[in-house]
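**Q** Got a structure here, written out as structure tokens. Questions coming.
The values are calculated or read from the model by the stated rules, or taken from the named source; none is laboratory data. Just so it is clear, the structure is predicted and the values come from calculations on it, not from any experiment. Quick reminder, even Gly has a Cβ in these numbers, built from the backbone with ideal geometry, and neighbours come from all protein chains shown. Areas reflect the complete protein model, heavy atoms only, side chains present, ligands, DNA and RNA absent. Shrake-Rupley method; radii C 1.70, N 1.55, O 1.52, S 1.80 Å.
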Amino acid sequence: MYSLKPILTQQNIDLPSCMYKMKPVNSNIIENSCNSKNNSEKSEVELLEDRQNRILQKLDELKQTLLSMRGDLNVCSKPAQQNIQNQQQQKAAKVKIQRKPIDVNNLAEIVVNVHPKNIPYSILAFRNLFKDRLFLDVEVFTHSSISNADFNDLTRDFTDKITKKLDYVEKLPALKVTIIWKDVETTQFISSPSKFIPVYGEINIIRYLNRVGPSEHYYETDHFQANYHDQVLDVCYQLSKKHSDKERQQYIQHLSQRLGKDQFYNSASSLSISDIAVSSILKKLYANDFKRMPANLSNWLNKISPFAGY
Amino acid sequence: MVTEETAANSEAQSKKAAKKQAAKAEKAAKKAEHKATEHGTTENQDEASGEDYSKDKYGHCKMIQSAEKLSERNFVPVHQLGESLGTQSSVWVRGRIHTSRCKGKQCFIVLRQQSSTVQVLISVNENISKQMVKFSGSIPRESIVDIHANIIKVDQKIESCTEKDLELHAIEIYVVSQAKAQLPLQIEDAARPEKKDDPDSLNIRVNQDTRLDNRVLDLRTPANQAIFRLEAGVCKLFRDILANKGFVEIHTPKIISAASEGGANVFTVSYFKESAYLAQSPQLYKQMAIAADFDRVFTVGAVFRAEDSNTHRHLTEFVGLDLEMAFKYHYHEVLETIGNTFTEMFKGLRDNYANEITAVGQQYNVEPFKFLEPPLRLEFHQAVQMLREAGIEMDDEEDLSTPNEKLLGRLIKAKYDTDFYMLDKFPLAIRPFYTMPDPNNPKYSNSYDMFMRGEEILSGAQRIHDPEYLVERAKHHAIDISKIAAYIEAFRFGCPPHAGGGIGMERVVMLYLGLDNIRKTSMFPRDPKRLTP
């Protein structure tokens with residue numbers, strides 16, 4: 001390479017005192033280059049040894065820094081317990097926000113347009129999940145674009161379950177949900193035509209219901225939670241867009257790995273938004289033939305079905 | 001005196017008169033010429049090309065006076081010609097000349113039969129003379145002809161006819177009933193599709209009054225044929241569906257002694273030495289039938305309204321489809337029955353009258369009718385809420401104005417995508433005195449309206465069946481009790497709780513098809529400005 005003349009000749013710069021001082025970043029390199037000149041007599045093995053030592057030393061330093069940081073932040077050093085503590089924190093947070101009264105101003109009636117082949121099981125799950133806090137008053141209609149041939153036992157079963165009267169202890173705030181079986185490609189929902197545009201995709205209905213629902217079920221309480229659930233929901237959305245088994249396979253594998261051997265998604269102790277989204281789409285894809293999906297998913301689905309009211 | 005004056009006048013305007021006369025003469029000459037050419041074809045044919053060897057195979061039929069039966073003639077409806085193709089060599093067809101085009105040795109006729117059309121070819125050959133071809137070309141449009149012809153399959157589809165795969169090669173042609181050469185309107189113009197976005201299409205239209213003045217011609221268009229067949233379907237379905245639900249059809253008098261609804265807007269007719277009124281609604285009689293233990297009744301019949309409103313949706317005489325039903329404990333039993341009747345009717349129309357609906361759609365650009373099952377039911381306060389969200393300011397107990405009614409229709413269509421819905425629990429203040437108030441909120445009532453494409457088609461309510469309460473409500477409305485004594489009297493011998501409503505057939509058909517004027521769905525409409533035909 002060309003050698004350049006120094007651009008700046010010796011200059012005295014007044015450094016401001018309000019900033020941190022950093023070590024020269026390139027000191028090692030300079031050192032190295034100096035060494036390489038002097039140590040031309042040293043054997044190659046010795047050089048390598050030197051380098052390794054330096055790296056090990058650096059790693060040690062890094063470890064120390066991290067440990068000290070952990071100490072500062074009051075985090076337990078055992079990684080296995082990290083989750084538990086996290087959960088405890090979450091639970092603490094939940095306890096704090098629990099029983100916040102539902103904001104009735106958000107409970108504008110929603111209309112869900114859906115084709116009978118895309119049964120929105122998630123609404124059923126939410127209805128069951130919220131039953132102590134919010135009444136989902138569901139009415140089911142059939143649009144003239146749908147003929148009788150589009151219905152099967154599953155749709156009828158769903159209709160029966162979702163309009164079934166639930167036993168309520170007290171008078172709860174109610175959200176009116178109108179499900180219309182209609183010839184639409186993507187499930188969509190409309191709240192107020194003069195204020196909002198229609199929202200497309202069942203996953204977004206799930207997000208909406210989660211947000212207007214009781215506060216203890218919010219999934220966006222912290223970034224970790226929000227990210228986790230959003231990722232799962234996005235995978236479900238992708239999955240709903242694929243039309244062949246082959247294309248779906250990788251997403252299903254992903255969902256299976258995410259769940260692992262846990263009882264609920266996100267190692268939670270109760271039904272969460274991810275469980276609802278995943279179960280809703282899997283039930284649609286596999287109907288009643290759960291055997292075709294990965295074993296852990298089918299076990300999980302069977303276990304959560306009573307919680308979701310499927 | 002008079003003659004003198006006219007003479008003076010004529011002298012003064014002699015120049016003008018001369019000109020006028022000249023023009024008249026010219027016109028007359030032209031007319032004569034026209035006539036000559038018209039009749040010339042038949043008169044001059046001998047001179048034209050010698051001997052006419054197919055003399056017996058065409059001509060004007062003697063007026064049919066049922067002299068002979070000619071049962072050997074095998075008549076086939078035009079829309080069934082396709083089935084006869086290949087099985088029968090020659091057939092008879094009776095139809096109207098829709099269009100005809102003569103070109104040298106060939107004559108093309110489009111023969112129309114109700115909504116179906118077929119192309120007929122008459123060309124010179126060993127059996128058909130030039131004179132016969134000429135005669136065929138000269139038959140005025142809309143004349144009725146009998147044609148004996150062979151059915152021939154064509155390779156290239158005939159796009160201008162409903163029978164696209166075949167044409168008729170005529171053997172014989174007789175005029176059964178000739179139409180006037182000059183028609184007040186052309187069927188082609190009257191049937192031209194109203195497609196606004198197509199700049200290439202001809203923009204010749206027949207205006208509504210010309211159509212109605214010449215209704216007989218106008219009704220021959222495919223769209224009108226379809227409209228009135230569908231209208232018949234509405235009546236048939238209404239009757240069938242209600243009969244299945246255990247309703248009994250009744251007939252109510254149309255000449256009545258007192259106004260049934262309110263008092264204004266009634267036609268007065270002289271009745272011997274007194275005057276009587278034309279029935280505005282069969283309501284009182286329906287209710288009396290309920291009081292007489294018919295349980296569920298309906299009636300189809302003329303209803304008269306002396307409203308001087310010249311709008312797209314008002315007629316002074318229309319066909320009312322009314323029903324009344326006794327219920328056990330809640331008027332929603334009735335509301336559900338009426339709602340289901342509509343759903344079944346819409347389904348029946350969608351499934352059994354698809355051809356008619358397409359035929360209308362070819363002329364008038366309309367969106368198919370959409371509905372929900374079970375029908376959507378909203379309460380009045382919800383509707384007010386929706387309108388307020390859209391920026392309309394209105395009172396809780398205010399009636400829906402026509403623009404608000406339409407806006408509400410659009411909002412509901414946007415949200416639920418349905419053209420049919422029911423509004424329940426109207427404010428008591430805006431309903432008639434016989435409407436039962438809501439048990440939970442005295443501001444509202446047990447009354448309902450139904451809407452199609454944002455326009456009201458039915459108005460109904462639970463009626464008060466208790467005579468004492470009825471008197472109380474009537475007094476509240478400051479109604480003279482003596483005038484409605486007969487109505488109140490009807491409930492004195494015990495009457496089950498009941499509710500009902502009525503619809504206008506023409507309006508339902510208009511709104512189902514999405515047409516813009518009720519005169520299109522009344523065969524011979526009556527409005528404040530029209531008493532004929």
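**Q** Taking a cut-off of 30 Å between Cα atoms, list the lysines near A:LYS42, but don't count ones fewer than 8 places away on the same chain.
**A** The reachable lysines, counting only those whose Cα sits under 30 Å from A:LYS42, are A:LYS23, A:LYS58.
**Q** In Å², rounded to the nearest 100, what is the total accessible surface buried by chains A and B against each other with a 1.4 Å probe?
**A** Counting protein atoms only, the buried area is about 1500 Å².
**Q** Another one. Long-range amide H contacts for B:ARG141: which residues qualify at under 5 Å (H placed 1.01 Å from N, peptide plane, sequence gap of 5 or more or a different chain)?
**A** Amide H to amide H, under 5 Å and 5 or more residues apart or across chains, B:ARG141 pairs with nothing.
**Q** Can you tell me the accessible area per residue over region A:219-310, all protein chains present, probe 1.4 angstrom, in square angstrom?
**A** 51
**Q** Which of the residues in region B:331-359 show a loss of at least 20 Å² in accessible area from their chain by itself to the complete set of protein chains, at a probe of 1.4 Å?
**A** Residues losing area: B:ARG350.
**Q** Right, next: Per DSSP H run of n ≥ 4, the term is -39500 (n - 2.57); total these for the protein assembly as shown, divide by its residue number, and report the mean residue ellipticity at 222 nm rounded to 500 deg cm²/dmol.
**A** Calculated mean residue ellipticity at 222 nm is -12500 deg cm²/dmol.
**Q** So how tilted is helix B:354-363 from the main axis of chain B? Cα-based, degrees 0 to 90, rounded to 10.
**A** With both axes taken from Cα atoms, the answer is about 70 degrees.
**Q** In the structure shown, do any of B:LYS180/B:LYS529; B:LYS347/B:LYS370; B:LYS55/B:LYS105; B:LYS105/B:LYS164; B:LYS103/B:LYS180; B:LYS254/B:LYS286 have a Cα-Cα gap over 19 Å, and if so which?
**A** B:LYS180/B:LYS529; B:LYS105/B:LYS164; B:LYS103/B:LYS180, as the Cα separations exceed 19 Å there.
**Q** Now for a different question. Give me, ordered by chain and number, the residues 5 or more places off A:ILE180 or on other chains with an amide H under 5 Å from its own placed amide H.
**A** Long-range HN contacts for A:ILE180: A:VAL112, A:ASN113, A:VAL114, A:PHE141.
**Q** Still on this model: Give me the angle, in degrees from 0 to 90, between the Cα long axis of helix B:14-43 and the longest principal axis of the Cα atoms of chain B, rounded to the nearest 10.
**A** The angle comes out at about 70 degrees.
**Q** Roughly what would the spin-label model give for B:ARG410 and B:ALA181, points 7 Å off Cα along C-beta, in nm?
**A** Taking the two extended label points, one gets 5.3 nm.
**Q** Please list, in order along region B:92-108, the HN-Hα scalar couplings obtained from phi with the Karplus expression 6.51 cos²θ - 1.76 cosθ + 1.60 (θ = phi - 60°), rounded to whole Hz, x for Gly and Pro.
**A** My calculation for region B:92-108 gives 10, 9, 10, x, 9, 6, 7, 9, 9, 9, 9, 8, x, 8, 10, 9, 9 Hz in order.
**Q** Considering only DSSP beta bridges whose two residues both sit in the protein assembly as shown, what percent are antiparallel, to the nearest 5?
**A** The antiparallel fraction comes to roughly 75 percent.
**Q** Which trypsin sites (Lys or Arg not before Pro) from region A:165-240 combine a DSSP loop assignment with at most 14 other Cβ atoms within 10 Å?
**A** A:LYS165, A:LYS171, A:LYS195
**Q** Once amide H atoms are placed 1.01 Å from N in the peptide plane, what residues at a sequence separation of 5 or more from B:TYR58, or on another chain, have their amide H within under 5 Å of its amide H?
**A** Counting only residues 5 or more places away or on other chains, the set is B:ILE173.
**Q** Work out the count of Lys pairs in region A:103-218 where the Cα-Cα distance is under 21 Å, with the pair 8 or more places apart or on different chains.
**A** Close lysine pairs under the 21 Å cut-off: 14.
**Q** Residue-wise, which Karplus ³J(HN,Hα) couplings in Hz belong to region A:231-236, taking 6.51 cos²θ - 1.76 cosθ + 1.60, θ = phi - 60°, and x for glycine or proline?
**A** Running phi through 6.51 cos²θ - 1.76 cosθ + 1.60 with θ = phi - 60° gives 5, 4, 5, 5, 4, 4 Hz.
**Q** Further question on the same structure: Could you pull out the GluC sites (Glu not before Pro) across region A:148-214 that fall in loop regions by DSSP (anything but H, G, I, E, B) with no more than 12 other Cβ atoms inside 10 Å?
**A** A:GLU170, A:GLU185
**Q** Cα-Cα pairs above 36 Å in the protein assembly as shown: how many percent?
**A** Looking at the protein assembly as shown, the distances longer than 36 Å represent 67 percent of pairs.
**Q** Report Rg (one decimal) and Dmax (nearest whole number) for chain B, counting Cα atoms only, units Å.
**A** Over chain B's Cα set, Rg and Dmax evaluate to 30.5, 95 Å.
**Q** Next question. Using a 1.4 Å probe, what is the accessible area per residue for chain B, in Å²?
**A** For chain B, the per-residue accessible area is 52 Å².
**Q** For the protein assembly as shown, give the magnitude of the charge dipole about the Cα centre (Cβ charges: +1 Lys/Arg, -1 Asp/Glu; no others), in debye to the nearest 20.
**A** Roughly 1200 debye, rounded to the nearest 20.
**Q** Something else now. State whether region B:55-177 is rounded, prolate or oblate according to the following rule on the C-alpha gyration tensor (a ≥ b ≥ c being the square roots of its eigenvalues): a/c under 1.5 gives rounded; otherwise a/b larger than b/c gives prolate, and the remaining case gives oblate.
**A** Taking the square roots of the gyration eigenvalues as a ≥ b ≥ c, region B:55-177 is rounded.
**Q** Could you work out what % of the accessible surface of the protein assembly as shown is carbon and sulfur, using a 1.4 angstrom probe and leaving DNA, RNA and ligands out of the count? Numbers along the way, then the final one.
**A** On the way: 24830 of 48340 Å².
On the protein assembly as shown, the fraction of accessible area on carbon and sulfur atoms equals 51 percent.
**Q** Continuing with the same structure: With charges set only on the Cβ (+1 for Lys and Arg, -1 for Asp and Glu), what does the dipole of region B:78-210 come to about its Cα centre, in debye to the nearest 20?
**A** Around 420 debye, computed over region B:78-210.
**Q** Further question on the same structure: Per residue of region A:280-286, in order, report the coupling 6.51 cos²θ - 1.76 cosθ + 1.60 (Karplus, θ = phi - 60°) as ³J(HN,Hα) in whole Hz, putting x for Gly and Pro.
**A** Whole-Hz 3J(HN,Hα) from phi for region A:280-286: 4, 6, 5, 4, 5, 6, 9.
**Q** What order do you get for B:387-398, A:229-240 when each peptide is scored by the mean count of other beta carbon atoms within 10 Å, highest first?
**A** Values: B:387-398: 12.8, A:229-240: 19.2.
The densest-packed peptide leads the list: A:229-240, B:387-398.
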